[in-house]
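A quick write-up on the structure given underneath.
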Amino acid sequence: MDSPTTPLISRRDALIVGAATAAAVSSSAPAAAAPAASAMPIPRAKLTLNVNGQVHSLELDTRTTLLDALREHLHLTGTKKGCDHGQCGACTVIADGRRINACLTLAVMHDGGQVTTIEGLGTPQKMHPLQAAFVKHDGYQCGYCTPGQICSAVGVLDEIKRGVPSHVSADLTVRPLLSADELRERMSGNICRCGAYSNIVDAITEVAGSRT
């Protein structure tokens, strides 16, 4: 029986030659034409927002978030952009009586609605009770999260007043108790990197006590 024929090149050399050939072919091929830019216009919509008691008529890209509408178009920069993913609570505002994350909702969804930002709650000369309590109890520290914290706290006190339960409410059929556990749970969507949580709870508790 004849012996097997010895290959002229090794398997390793064959792989190297094949890879080099493929690279040469791809480099010599003409570059694909870049796709033509879309001629479609950017979708825009006209809307009206009542912000802090003042009516604004806007025409916005329909993809504009409420947060960007407030900051970039109405120049109300008190509302902060933190994570821009609805995880930190820095952008919390009150929309039609409910606290929401302004970065997670589109401005066009609030056409004709009422929005309250930190600027609408009080001024340095006439502060909202919660603003004054945050100053008294040093609940603000660096201050970046404070606008969202205060707007959220306003919503929390309103929720408790209306009897809206939370995950730590022991009985869903009775009005929630104003306790530290309730406040911590309800404010858990607002992150404070300074760690002023205990001071924030003290500030909210003081204001809540003065309203009972």
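In the set SER152, SER169, only one residue is polar (S, T, N, Q), in a loop (DSSP other than H, G, I, E, B) and either in the same structural domain as HIS85 (by TED's automatic domain parsing) or under 21 Å from ARG98 (Cβ atoms) (or both); that residue is SER169.
Picking from residues in region 48-63 that are in contact (Cβ under 8 Å) with a residue 40 or more places away in the chain and within 27 Å of GLY122 (Cβ to Cβ), the one that is surrounded by the fewest Cβ atoms within 10 Å (Cβ to Cβ) is GLY53. In region 101-119, the residues that are outside the structural domain of ILE191 (by TED's automatic domain parsing) and part of a loop (DSSP other than H, G, I, E, B) reach residues that are of a type in the set (Gly, Ala, Ser) and modelled with pLDDT of 95 or more with C-beta atoms within less than 9 angstrom, at least six apart or across chains, in these pairs: THR105/ALA95; ASP111/ALA45; GLY113/ALA95; THR117/GLY78; THR117/ALA102. Being closer than 23 Å to THR116 by Cα and out of contact with any helix residue (DSSP H, G or I) (no Cβ under 8 Å at 6 or more places or on another chain), is that true of even one residue in region 188-204? Within region 188-204, one or more residues are closer than 23 Å to THR116 by Cα and out of contact with any helix residue (DSSP H, G or I) (no Cβ under 8 Å at 6 or more places or on another chain). Set side by side, the residues LEU58, LEU121, LEU76 differ, and just one is more than 20 Å from TYR140 (Cα to Cα) and modelled with pLDDT of 95 or more, which is LEU58. The lone criterion from (1) without any contact (Cβ under 8 Å) to a residue 40 or more places away in the chain; (2) outside any strand (DSSP E or B); (3) of a type outside the set (S, T, N, Q); (4) within 27 Å of GLY195 (Cα to Cα) left unmet by GLY89 is number (1). Considering only region 112-122, I want to know if a residue exists there that is surrounded by fewer than 21 Cβ atoms within 10 Å (Cβ to Cβ), over 17 Å from HIS73 (Cα atoms) and out of contact with any Cys (no Cβ under 8 Å at 6 or more places or on another chain). Yes: one or more hits.
The values are calculated or read from the model by the stated rules, or taken from the named source; none is laboratory data. Just so you know, these numbers come straight off a predicted model, no measurement behind them. Here the Cβ is made from the backbone with ideal geometry for all residues, glycine too, and neighbour counts use every protein chain on show.
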